[in-house]
Amino acid sequence: MPAPVKCKGSIDTVELQSTSSMVFAIEEINNSTDLLPGIELGYRIYDSCASVPVAVHVAFQFLNRLEAQFNTGKNCSQSGVVMAVVGDSGSTPSITMSQLVSAFNIAQVSHFATCACLSDKQQYPSFFRTIPSDQFQAEALAKLVKHFGWTWIGAVRSDSDYGNNGMASFLQAAQKEGICVEYSVSFYRTNPQSRFQRVADVIRRSTAVVVVAFASFGDMKILLEELSRDPSPPRQWIGSESWVTSTELTQYSFCAGAIGFGIPKSAIPGLRDFLLNLSPTQVSASPVFTEFWEDAFNCSLKKKKKMCDGNEDIQNLQSEYTDTSQLRIANMVYKAVYAIAHAIHNAVCQKTNAIAKCDKLIKLQSNRVLTELKKVNFSQNENDVSFNANGDPVAIYDLVNWQKSGSGIIEIVTVGLYDASLRVGHEFKINRNITWMEDSRKVPVSVCTNSCPPGTRKMLQKGKPICCYDCIACPEGEISNITDSADCLPCHKEFWPNAKRDTCIPKPLEFLSFQDILGIILATFSVLGACLAIIIGAVFFYHRKTPIVRANNSELSFLLLISLTLCFLCSLTFIGAPSEWSCMLRHTAFGITFVLCISCVLGKTIVVLMAFKATLPGSNVMKWFGPPQQRMTVVSFTFIQVLICTVWLVVSPPFPIKNLTTYKEKIILECALGSAVGFWAVLGYIGLLASFCFILAVLARKLPDNFNEAKLITFSMLIFCAVWITFIPAYVSSPGKFTVVVEIFAILASSFGLIIFIFAPKCFIILFKPAKNTKKYLMNKNQS
């Protein structure tokens with residue numbers, strides 16, 4: 001047979017306080033006239049030593065009813081019958097115990113077993129608890145980490161049902177919140193020292209500033225002891241309720257600033273006096289209190305060596321047993337006892353005329369208590385007690401913080417509340433300032449990668465968690481306007497990112513305006529050209545009776561000057577923001593005025609040729625090309641262009657458009673041709689007349705006449721054709737507003753070519769060589 005299992009180690013003063021709280025609650029109920037009047041509850045207390053084998057052993061003890069009665073000296077109606085069990089305080093022993101007692105339909109109410117697995121009613125049908133499930137705590141811890149913006153954390157846990165199940169729930173909730181875990185390690189109090197050293201080294205070497213510890217008090221104490229030997233860099237500890245509310249662990253000053261969830265503390269009237277009411281007789285009669293007394297005062301009650309002298313004062317003892325300022329676990333025990341008492345009361349008592357009467361002799365079965373326990377709903381010391389379908393209470397936690405007092409002592413301060421019953425996003429109520437690690441008032445930062453600013457997006461690093469990423473700038477045309485954006489969003493087609501690429505701004509509109517330098521220069525030359533044509537016309541009109549004016553067909557010359565003036569001025573219609581009317585006007589005005597201009601030049605060329613033919617003997621050609629025929633020629637040629645333009649405007653006229661394709665970062669306002677056939681028909685007709693005029697001028701360039709215009713027309717048409725031939729490739733390839741610039745330049749260049757080569761030599765003679773402006777000089781054929 002194996003040796004009997006024995007408890008080892010020192011006494012747990014927190015558990016001792018919980019045990020005394022249970023006795024206090026039972027005595028309070030037995031003295032009550034409202035709850036179970038006339039009925040006394042008996043009890044038996046076992047020590048499971050936080051050990052599964054010991055817990056199994058004591059469970060078999062009370063299940064087999066080995067003891068005749070619970071409370072010696074008092075008669076119980078059903079000695080030895082167990083109605084319910086309070087405990088265990090650990091999840092793993094509670095799981096084992098529940099599997100045993102549930103077979104006998106005995107209700108088990110734990111005050112400190114928080115494993116979420118115990119909410120499974122198929123496996124643990126008789127299990128209840130007054131402390132919330134770790135499922136709620138795990139979700140609360142994940143929301144707490146998310147609340148303070150921590151996305152890169154470390155995780156340590158007890159290698160037990162409590163730690164493993166709690167951490168699994170936490171990691172699942174953390175993943176949903178977008179939190180990454182750098183490491184997750186486990187340990188247990190019975191592990192060799194080397195295991196704790198490895199865990200401590202992991203914490204020291206990690207880059208995560210925040211450490212979430214889902215561990216029991218005993219395990220955590222050993223880990224913190226190991227860390228105290230060689231302190232790690234500052235760490236922000238986040239604790240589960242099993243250790244973060246323990247005043248014994250506050251001795252580890254490097255954990256100052258720790259934050260976590262605790263069971264809501266509550267005042268239990270009379271409990272402190274009950275705890276301190278320990279007589280030497282009571283202490284000596286109890287092996288547990290004897291051990292506590294000897295450890296607390298460092299003396300012995302039995303051995304003669306360093307005997308207790310009777311002056312030990314428990315009133316001034318600083319111990320977790322006597323500390324009633326943080327009644328958390330003790331309150332859970334208190335509520336558990338009252339829950340069982342209310343279930344028994346509802347099973348054996350009935351209310352008659354506002355007075356409860358109880359059947360003291362009823363043979364009460366444990367399954368009846370189990371049934372009534374599911375329905376209990378009462379308030380004790382302003383604490384509501386009830387269980388849901390899984391045997392769990394409403395999840396409410398105190399948010400606690402380890403803060404240094406003025407004297408340098410670390411105190412556990414309640415700074416807020418977490419209520420799982422509130423709507424999402426409003427579960428936290430923080431009502432006091434929080435002190436963080438290194439006594440800082442600033443929330444520590446714990447991220448794998450610093451936040452990506454607006455204008456960038458996250459790109460995951462290969463082989464690393466999603467919280468580790470590089471920040472890359474948004475591509476051209478896209479923005480991100482939030483921090484840590486996963487993707488960049490394209491701007492609307494009429495918008496473009498600003499320099500920081502965090503917002504879309506309207507694209508600048510580009511067109512050749514009168515404020516542009518190019519627009520000013522071209523408009524100036526246009527006006528100068530028109531003024532030049534008017535001045536030349538004035539000179540010709542003033543000297544209209546002189547031979548040089550009369551010999552060169554003055555009527556066509558004046559008409560040509562008028563058409564040239566219109567050509568110069570029509571270039572102004574190309575400057576400015578395109579509109580529906582300006583688009584139609586600029587192309588049609590240009591086409592018609594230029595045809596009028598070329599028609600006049602063509603008429604003058606024909607006149608020169610006919611004049612030469614008329615000097616031959618017997619020729620009467622001039623009578624077929626007199627002034628009426630010249631006017632008709634100009635009108636006919638011009639009418640054809642008018643007809644082409646009319647058809648173009650009727651079928652598919654030019655219209656303004658926003659060009660979004662040439663440049664990505666700006667919008668070009670331009671005139672669409674409407675019908676490309678119409679545009680090139682207008683240009684083609686101008687080119688046809690110019691080519692015909694050029695050929696005739698070349699044929700007439702050697703005619704013997706001092707005032708022969710054929711040479712001048714040849715040069716002017718040569719320039720005209722050269723300009724418009726080069727215009728075509730330049731027009732097609734020029735982007736944006738430069739397309740309009742090329743078009744205006746072609747109009748001005750060809751117009752200046754005509755006016756300079758045809759009229760400049762004549763003006764020079766009229767103004768500066770009047771001697772040559774005579775009929776004699778005109779008729780002198782031999783003069784050079």
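The values are calculated or read from the model by the stated rules, or taken from the named source; none is laboratory data. Treat the numbers as computed from the prediction; the structure is a model and nothing was measured. So basically every Cβ, Gly included, is an ideal-geometry build from the backbone, and we count neighbours across all protein chains shown.
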Scanning region 420-435 for residues that are surrounded by 13 or more Cβ atoms within 10 Å (Cβ to Cβ), closer than 19 Å to A140 by Cβ and touching a residue at least 12 places away in the same chain (Cβ under 8 Å) gives A420, E427, F428, I430, I434
Which residues, counting only those in region 511-538, are surrounded by fewer than 18 Cβ atoms within 10 Å (Cβ to Cβ) and in contact with a Lys or Arg (Cβ under 9 Å, 6 or more places away or on another chain)?
-> S513, D516, L518
Can you pull out the residues in region 349-370 that are among the polar types (S, T, N, Q) and touching a residue at least 12 places away in the same chain (Cβ under 8 Å)?
-> Q365, S366, N367
Does H587 fit the bill of being at pLDDT below 85, buried (at least 16 other Cβ atoms within 10 Å of the Cβ) and either touching a strand residue (DSSP E or B) at 6+ places or on another chain (Cβ under 8 Å) or not assigned by TED's automatic domain parsing to the domain that holds Q630 (or both)?
-> yes
Single residue of E372, E312 found to be surrounded by 13 or more Cβ atoms within 10 Å (Cβ to Cβ), in a loop (DSSP other than H, G, I, E, B) and not assigned by TED's automatic domain parsing to the domain that holds Y418 = E312
Looking at V677, is it modelled with pLDDT of 75 or more and touching a helix residue (DSSP H, G or I) at 6+ places or on another chain (Cβ under 7 Å)?
-> no
For region 160-177, state whether one or more residues are surrounded by 22 or more Cβ atoms within 10 Å (Cβ to Cβ), among the aromatic types (F, W, Y), assigned to a helix (DSSP H, G or I) and more than 30 Å from the chain's Cα centre (by Cα).
-> yes
Segments classed as helices (runs of 4 or more DSSP H), wholly inside region 178-256, with at least 2 members that are free of Cβ contacts under 8 Å to residues at least 12 places away in the same chain, surrounded by fewer than 20 Cβ atoms within 10 Å (Cβ to Cβ) and of a type in the set (K, R) = 193-205
Looking at region 565-583, which of its residues are polar (S, T, N, Q) and out of contact with any strand residue (DSSP E or B) (no Cβ under 8 Å at 6 or more places or on another chain)?
-> T565, S571, T573
Hits in region 25-44 - residues which are surrounded by 14 or more Cβ atoms within 10 Å (Cβ to Cβ) and of a type in the set (V, I, T) | I26, I29, I39
Scanning region 240-257 for residues that are touching a strand residue (DSSP E or B) at 6+ places or on another chain (Cβ under 6 Å) and not acidic (D, E) gives S240, V244, T245, T250, C255, A256, G257
Test for F112: is it hydrophobic (A, V, I, L, M, F, W, C) and either modelled with pLDDT of 90 or more or in contact with a strand residue (DSSP E or B) (Cβ under 9 Å, 6 or more places away or on another chain) (or both) = yes
Only one of Q641, Q630 is surrounded by 14 or more Cβ atoms within 10 Å (Cβ to Cβ) and either acidic (D, E) or at pLDDT 80 or above (or both); which?
-> Q641
Leading residue by the ranking (farthest from Q137 (Cα to Cα)) among those in region 436-473 that are within 14 Å of the chain's Cα centre (by Cα) and part of a loop (DSSP other than H, G, I, E, B) = G455
Scanning for something surrounded by 14 or more Cβ atoms within 10 Å (Cβ to Cβ), at pLDDT below 90 and not in a loop (DSSP other than H, G, I, E, B), does region 478-491 turn up at least one residue?
-> no
Hey, C76 hits all of (1) modelled with pLDDT under 85; (2) over 21 Å from N346 (Cα atoms); (3) surrounded by fewer than 17 Cβ atoms within 10 Å (Cβ to Cβ) but one; which does it fall short on?
-> (2)
In region 415-450, anything closer than 18 Å to V394 by Cβ and of a type in the set (V, I, T) is listed as V424
Scan of region 380-394 for residues that are modelled with pLDDT of 90 or more and either more than 19 Å from V86 (Cα to Cα) or of a type in the set (A, V, I, L, M, F, W, C) (or both), ordered by number | V385, F387, A389
Top-ranked residue of region 450-476 - restricted to ones that are in contact (Cβ under 8 Å) with a residue 24 or more places away in the chain and among the β-branched types (V, I, T), ranked as surrounded by the fewest Cβ atoms within 10 Å (Cβ to Cβ) | I466
Residues of region 730-756 classified as modelled with pLDDT under 80 and assigned to a helix (DSSP H, G or I), total | 4
Test result for V394, outside any strand (DSSP E or B), surrounded by fewer than 16 Cβ atoms within 10 Å (Cβ to Cβ) and among the β-branched types (V, I, T) = yes
Mind checking which residues of region 278-307 are among the small types (G, A, S) and either surrounded by 19 or more Cβ atoms within 10 Å (Cβ to Cβ) or under 57 Å from the mean Cα position of the chain (by Cα) (or both)?
-> A296
Please find, within region 542-586, the residue that is farthest from F511 (Cα to Cα) out of those that are of a type in the set (F, W, Y) and in contact with a Ser or Thr (Cβ under 9 Å, 6 or more places away or on another chain).
-> F568
Over region 257-277, the set of residues more than 20 Å from I329 (Cβ to Cβ) and surrounded by 14 or more Cβ atoms within 10 Å (Cβ to Cβ) is G257
